[in-house]
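A.B. asks: Supplied in structure tokens, the structure appears directly below.
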Amino acid sequence: MTLISSRHPAQQPEAWANQLVRLHERVVADGGLGLGTPWQATPLPQPRWVATNPALATALGWPEDWAEHHDALQVFSGNAVWPGMVPFSSVYSGHQFGVWAGQLGDGRALTLGQIDTPLGPQELQLKGAGMTPYSRRADGRAVLRSSIREYLCSEAMHGLGIPTTRALCLTASPHPVVRESVETAAVVTRVAPSFIRFGHFEHFAYARSGDGQTPALHSLQALVDFVITHHEPDLQGHPQPVLALLQRVVERTAGLMAAWQAVGFCHGVMNTDNMSILGLTIDYGPFGFMDAFDPDHICNHSDHQGRYSWNNQPQIGYWNLRALAQALLALLPRGEDSVSAVVEVLQRYEDVFVQAMHARWMDKLGLTTSQDDDRTLVLDLLQLMAANQADFTITFRRLSGFDSRAVPGADGGPVNAAIRDLFMDRDAFDAWALRYASRLRAEGSVDAERAQRMRGVNPLYVLRNHLAETAIRRAQDGDDSEVRRLHRVLQTPFDEQVGCEADADFPPSWAQSIEVSCSS
Ligand code: AMP
Ligand code: MG
């Protein structure tokens, strides 16, 4: 791998590759089913920058002023390509809301290519750059509203330390796009080591080869080999590569679900086509960080059954892994042995998730040792928060400042008042606080040290819907400064930032009327 240093990406045509295109060509030449289609974006009129991401550009080894030269604005709104770029839309299938949906694919995404960077090889992908062979009946566009949400949330998740695709920049155009109302178009440039989804594997397990009879196993095998070669090189030569790859994905997905739960994040469309093989958060459509804690919170207005509610997400992660495992089974010898081996790997999910989740809750409470009734202490807090509709983010952040020596509620003094005030049922909180205080004392917890640790895991700032909404409304009126300001705040969500108190505050009452749906 060559490391790029501060040369403008337009000046390094030799650097741009598209490994998926290469794999596609090889698979087709070998008589397999193709992985997608080389494709061009559909130009957008009068593009403007809404945001460039200087921190990410620097991390990629690009010069600070990369966005100002070489038609960068045109390239990242789909109106031009730089030498060496080979744009490509890939094909995948998937289960949507628990039902097999058949072929889907990059209906509005176009991978520009892959470059070597100090972060390792990274793919750059436009989202919203026009129709592709996989657009079905849709327009290939993304509206400014949802693109701002994707840009900000990708970077907010990164700031929180949660695996995610990144967002390099955001461009907008006055081009009208019809959703419930007429909106305008935007293009987000996403960055990730790979955008391969569970649905890619499902596609080739169930698609038929040219003779219409045999499943496209040749392509499926090529995809597995590709992922191992490029993303899990230590599994090369493994005696059971398919199972070993599945195990990696099981473990990563379990870890990701725990990470989401711990910040009150809901994805909203956890379909198998929106599950990354690398365990990244991907495809920000309807998503949300909870305000008042409700375990049954549904962030997607279109999810009528609550399939993807906060509480359901971990088991949906498992459901999706089962769909992936079912697809991979096609590569293993027929018979019960293969089925049992796959089931055994899948069973790792629960162990890894439970452990990861427990560790997250312990960290959120600042506990460094383990005791038998820790689980109950956590569950009782969550129950109390739910019953009192306590704000998820604010509760944990304020708990960081918990005074373990004070007797809760005694003398009506201001002891732990900031936390206590979050609960309508003060007595119930006091009872829990007594247990928490004694649990902290039992491990000799030092409040100041604990507070510092807890403030490193309990964020002050998350991308609440109303914060995104304010940035969206301003940008729709032509003022993009709030998008960039929020981005800066969310880059360091654990650090108190002067002048940003309102970003850490309770949502205003109008936040309840914000509806986030699949319309994007
Ligand atoms: P999602 O659940 O939003 O990730 O999208 C599901 C599928 O629909 C994917 O194959 C997307 O590429 C496709 N899709 C969503 N919106 C559009 C659009 N406006 N134009 C073309 N394809 C779309
Ligand atoms: Mg998707």
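A.B. asks: Looking at (1) part of a helix (DSSP H, G or I); (2) within 13 Å of ligand 1 (Cβ to nearest atom); (3) of a type outside the set (Lys, Arg), can you tell me which one residue 138 breaks?
C.D. replies: Of the numbered conditions (1) part of a helix (DSSP H, G or I); (2) within 13 Å of ligand 1 (Cβ to nearest atom); (3) of a type outside the set (Lys, Arg), the odd one out for residue 138 is (1).
A.B. asks: Here's something else I'd like to know. On the given criteria, is residue 153 over 26 Å from residue 252 (Cβ atoms) and more than 12 Å from ligand 1 (Cβ to nearest atom)?
C.D. replies: Working: over 26 Å from residue 252 (Cβ atoms): no; more than 12 Å from ligand 1 (Cβ to nearest atom): yes.
Considered against the rule, which asks whether it is over 26 Å from residue 252 (Cβ atoms) and more than 12 Å from ligand 1 (Cβ to nearest atom), residue 153 comes out as no.
A.B. asks: In the stretch 435-457, what residues are touching a helix residue (DSSP H, G or I) at 6+ places or on another chain (Cβ under 8 Å) and among the aliphatic types (A, V, I, L, M)?
C.D. replies: Those that are touching a helix residue (DSSP H, G or I) at 6+ places or on another chain (Cβ under 8 Å) and among the aliphatic types (A, V, I, L, M): 440, 454, 457.
A.B. asks: A follow-up question, please. Every residue in the stretch 284-310 that is in contact (Cβ under 8 Å) with a residue 24 or more places away in the chain and charged (D, E, K, R), please.
C.D. replies: Residues satisfying the conditions are 291, 294, 303, 307.
A.B. asks: Filter the stretch 304-319 down to the residues that are in a loop (DSSP other than H, G, I, E, B) and surrounded by fewer than 21 Cβ atoms within 10 Å (Cβ to Cβ) and list them by number.
C.D. replies: Residues satisfying the conditions are 304, 305, 306, 307, 309, 311, 312.
Quick grid of which residues meet (1) within 12 Å of residue 56 (Cβ to Cβ); (2) under 11 Å from the mean Cα position of the chain (by Cα); (3) assigned to a strand (DSSP E or B):
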site	(1), (2), (3)
156	no, yes, no
162	no, yes, no
176	no, no, yes
189	yes, no, yes
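A.B. asks: A further question on this structure: Give 171, 132 a once-over and let me know the one that is within 16 Å of ligand 2 (Cβ to nearest atom) and either touching a Phe, Trp or Tyr at 6+ places or on another chain (Cβ under 8 Å) or not in a loop (DSSP other than H, G, I, E, B) (or both). Walk me through how you get there before you give the answer.
C.D. replies: Details: 171 fails: within 16 Å of ligand 2 (Cβ to nearest atom).
Criteria check complete, one pass: 132.
A.B. asks: Here is a check on your reading of the model: is residue 483 modelled with pLDDT of 95 or more, touching a strand residue (DSSP E or B) at 6+ places or on another chain (Cβ under 9 Å) and of a type in the set (Val, Ile, Thr)?
C.D. replies: When the stated conditions are applied, residue 483 passes them.
A.B. asks: Would you mind telling me which numbered condition in (1) under 25 Å from residue 389 (Cα atoms); (2) modelled with pLDDT of 95 or more residue 414 fails?
C.D. replies: (2) is the only condition that residue 414 fails.
A.B. asks: Now a separate question. Here are 120, 105: which of them is in the same structural domain as residue 53 (by TED's automatic domain parsing) and surrounded by 22 or more Cβ atoms within 10 Å (Cβ to Cβ)?
C.D. replies: On the way: 120 fails: surrounded by 22 or more Cβ atoms within 10 Å (Cβ to Cβ).
Sole residue among the options that is in the same structural domain as residue 53 (by TED's automatic domain parsing) and surrounded by 22 or more Cβ atoms within 10 Å (Cβ to Cβ): 105.
A.B. asks: Then there is this: Within the stretch 238-268, can you find the residues that are without any contact (Cβ under 8 Å) to a residue 60 or more places away in the chain, farther than 21 Å from residue 516 by Cβ and either within 16 Å of ligand 2 (Cβ to nearest atom) or part of a helix (DSSP H, G or I) (or both)?
C.D. replies: 241, 244, 248
A.B. asks: Against the definition (outside any helix (DSSP H, G or I), surrounded by fewer than 22 Cβ atoms within 10 Å (Cβ to Cβ), away from ligand 2 (no atom under 16 Å from the Cβ) and over 22 Å from the mean Cα position of the chain (by Cα)), how does residue 295 come out, yes or no? Lay out the reasoning, then the answer.
C.D. replies: Working: outside any helix (DSSP H, G or I): yes; surrounded by fewer than 22 Cβ atoms within 10 Å (Cβ to Cβ): yes; away from ligand 2 (no atom under 16 Å from the Cβ): yes; over 22 Å from the mean Cα position of the chain (by Cα): no.
Against the criterion (outside any helix (DSSP H, G or I), surrounded by fewer than 22 Cβ atoms within 10 Å (Cβ to Cβ), away from ligand 2 (no atom under 16 Å from the Cβ) and over 22 Å from the mean Cα position of the chain (by Cα)), residue 295 does not qualify.
A.B. asks: May I ask you to list the residues in the stretch 269-285 that are assigned to a loop (DSSP other than H, G, I, E, B) and either within 11 Å of ligand 2 (Cβ to nearest atom) or aliphatic (A, V, I, L, M) (or both)?
C.D. replies: First pass over the stretch 269-285, keeping only residues assigned to a loop (DSSP other than H, G, I, E, B): 269-271, 275, 277-280, 282-285.
Answer for the stretch 269-285, where residues must be assigned to a loop (DSSP other than H, G, I, E, B) and either within 11 Å of ligand 2 (Cβ to nearest atom) or aliphatic (A, V, I, L, M) (or both): 269, 270, 271, 275, 277, 278, 280, 282, 283, 284, 285.
A.B. asks: Are any residues in the stretch 40-52 of a type outside the set (Val, Ile, Thr) and surrounded by 21 or more Cβ atoms within 10 Å (Cβ to Cβ), and if so, which ones?
C.D. replies: 41, 44, 47, 51
A.B. asks: Can you go through 220, 235, 256 and tell me which one is over 30 Å from residue 141 (Cβ atoms) and buried (at least 20 other Cβ atoms within 10 Å of the Cβ)?
C.D. replies: Answer to the check: 220.
A.B. asks: Determine, yes or no, whether residue 222 is among the aliphatic types (A, V, I, L, M), in contact with a strand residue (DSSP E or B) (Cβ under 9 Å, 6 or more places away or on another chain) and farther than 30 Å from residue 47 by Cα. I'd like the intermediate steps shown before the answer.
C.D. replies: Working: among the aliphatic types (A, V, I, L, M): yes; in contact with a strand residue (DSSP E or B) (Cβ under 9 Å, 6 or more places away or on another chain): no; farther than 30 Å from residue 47 by Cα: yes.
Judged against the criteria, residue 222 is not a match.
The values are calculated or read from the model by the stated rules, or taken from the named source; none is laboratory data. Just so we're clear, the structure is a prediction, and the values are computed from it rather than from any experiment. Note: ideal-geometry Cβ built from the backbone for every residue, glycine included; neighbour counts use all protein chains shown.
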